[in-house]
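Notes for the one structure printed next.
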Amino acid sequence: MEEDSRDFYENEEIDEAVRRFKRMMNSDQTDYFDVFEVEGIVDYFLDEGKISMANLAIDNGIKIHPSSIALQIKKAQLLLVDGKVEKSLDLIHLVEMVENSNSDIYLIKGSALIMMGMVDEAIVAYEQSVFHNYDEEDELLYNIGITLGQADEFKKAISFLERAYHANPRNEQVLYELAYYCDKEGLDEKSIHYYNKYLDIDPFNSSVWYNLGISLNRLGKHDKAIEAYDFSIALNDEFEQALFNKANAFSNNNQYEEAIKCYQDYIEIDKENDDAYCYLGECYLNLDRYNEALVYYQKAIRINKNNANAWYGSGLVMWIENQVDESQILIKKAIKLEDENPEFWLMYGKINHELSLYDLAETAFERATNLDPDNRESWIAYAEMQYERGMLQESITILKKAHDMIADDSSINYRLTAYLLENDDERSATDYFKIALKADFNGYDTLFDYYPKALQNESIKQLIKEYQSTKF
């Protein structure tokens, strides 16, 4: 209570000082303000975004108190806010020569150095600020962490924010920002940990529940993400983005009927969201309800003709319905809108393969494998096409490239074994077969699907026996 009363009276004093300063600015009279009042007036105008008035206040204050270190520091802070970084740093260097144990000096110095891209030097200054600090340590560490985060130095921001958390585990601001920057760094488990710590203190923050849902969803914990979104919506029934994300979580969890219901509820609120219609189409596609899927893809396109995923989804439906020519046109439209999407290029390759347009298919598969070299499906589809065309050596070359990219993939290595055996290269075939057996012994039967004659190959039979004995 005493602390609250003191704050009230201090605020009253500052409000009165601001009123006196404004009157002085509108008249030819001069007035006296002590250092505390000047600092308060400057902060007031900074909070209002009135930089020019803050400048007038600090310059007037320094005229009254030319030897005040506190006002010189405030002037340096104001120069920094005004984007005059070098002038701020010059002034701080002068102040530091007089007073070298003031935490605020090093805080401003660090922020100026950050703005100049001198991150390592800024960290040194910030550590000096912490060393000389006698106030609430968590607040100082929090401010440093936020400044570093705003400069996209997320790892360093997390380091200072974690120190702030250890200084005061119940500082909600620290917990929120710590969780946020962990999220930005892809540290989902840590992000979830700190969001939960926040909710232990304040379980009624809808935004925190929403952010928690995002992190859980990204980790594949879709059930828990849905629960988090439910809390967010319960606390704020106008939080439409939480409803949209809840629908996404249902879809990611293969609960397509539930996702459809959520998307439809969302569309009642936002009827012009083409992505919602597109995702609805995807849900119906996954339920093999192709006519309904196409209806929603087309609705998305009517709202936004540049929605590449809607064109792609429409093309996929046409392909499934064996309308391959129409599918090719639609997928080509999707690629025109988003030409670095490997999924689009893979589908375009498959379609052109079916249409016997081999040059177009080769170009598409090359593009797909270049854009996403870790996708086995693109490599295998490409190799299969060449094999069907009687181009065995080209198929082998493709799968060897695939092996170089994803060496332990059993599907690629079993297929490569088959092609090499067919090409009478038993020595190389057994090398790749060993790799495949080591990665997935139980999948060795697929070799015989690709190349039935392998059943009679003594080297292959011997290797199966050897690896089988290691499983027991």
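Details
- Spin-label model, Asp339 to Lys184: label points 7 Å out along the Cα-to-beta-carbon direction sit 3.4 nm apart.
- CD proxy at 222 nm, helix term only [per DSSP H run n ≥ 4: -39500 (n - 2.57); per residue of the chain; nearest 500]: -25000 deg cm²/dmol
- Projected label points at His166 and Gln462, each 7 Å from Cα along the beta carbon direction, are separated by 6.0 nanometres.
- Working from the Cα coordinates of segment 407-446, the gyration tensor eigenvalues give, after taking √(5λ), semi-axes of 16, 9, 8 Å in decreasing order.
- For segment 99-142, the fraction of C-alpha pairs more than 14 angstrom apart is 41%.
- Take every Cα pair under 8 Å whose residues are at least 6 apart in sequence, average their separation, divide by the length of segment 164-292, and the relative contact order is 14 percent.
- Out-of-range pairs (alpha-carbon distance over 23 Å; input Lys271/Lys336; Lys246/Lys271; Lys74/Lys184): Lys271/Lys336; Lys74/Lys184
- When the Cα gyration tensor is reduced to axis lengths a ≥ b ≥ c, the ratio a/c is 1.5 or higher for segment 108-221, and with a/b not above b/c it is classed as oblate.
- Net charge of neighbours whose Cβ lies under 12 Å from the Cβ of Glu172, counting Lys and Arg as +1 and Asp and Glu as -1: -2
- Reach of Lys465 by Cα under 21 Å, taken over lysines that are not fewer than 8 positions away in the same chain: Lys434, Lys438, Lys453
- Taking a point 7 Å from the Cα of Ile201 along the Cα-to-Cβ direction, none of the residues of segment 112-128 has its backbone N closer than 13 Å to it.
- Only Lys, Arg (+1) and Asp, Glu (-1) charged, at Cβ; segment 352-472 dipole about Cα centre in debye: 460 debye
- Order of Leu78, Leu337 - criterion: other Cβ atoms within 10 Å of each residue's Cβ, fewest first: Leu337, Leu78
- Given Lys221/Lys333; Lys109/Lys190; Lys261/Lys305, the pairs whose alpha carbons are separated by over 29 Å: Lys221/Lys333; Lys109/Lys190
- Net charge contributed by nearby residues that have their C-beta within less than 13 Å of Lys400 (K/R +1, D/E -1): -3
- The Cβ shell under 13 Å around Asp152 holds other residues with a net charge of +1, Lys and Arg each +1, Asp and Glu each -1.
- Between helix 222-235 and the chain there is an angle of about 40 degrees, using the helix long axis and the longest principal axis of the Cα atoms.
Throughout, read-outs are computed from the coordinates displayed, never taken from laboratory work. None of the values given here were measured: they were computed from a predicted structure. Because the Cβ atoms are built from the backbone with ideal geometry, glycine has one as well, and the counts that use them run over all protein chains shown.
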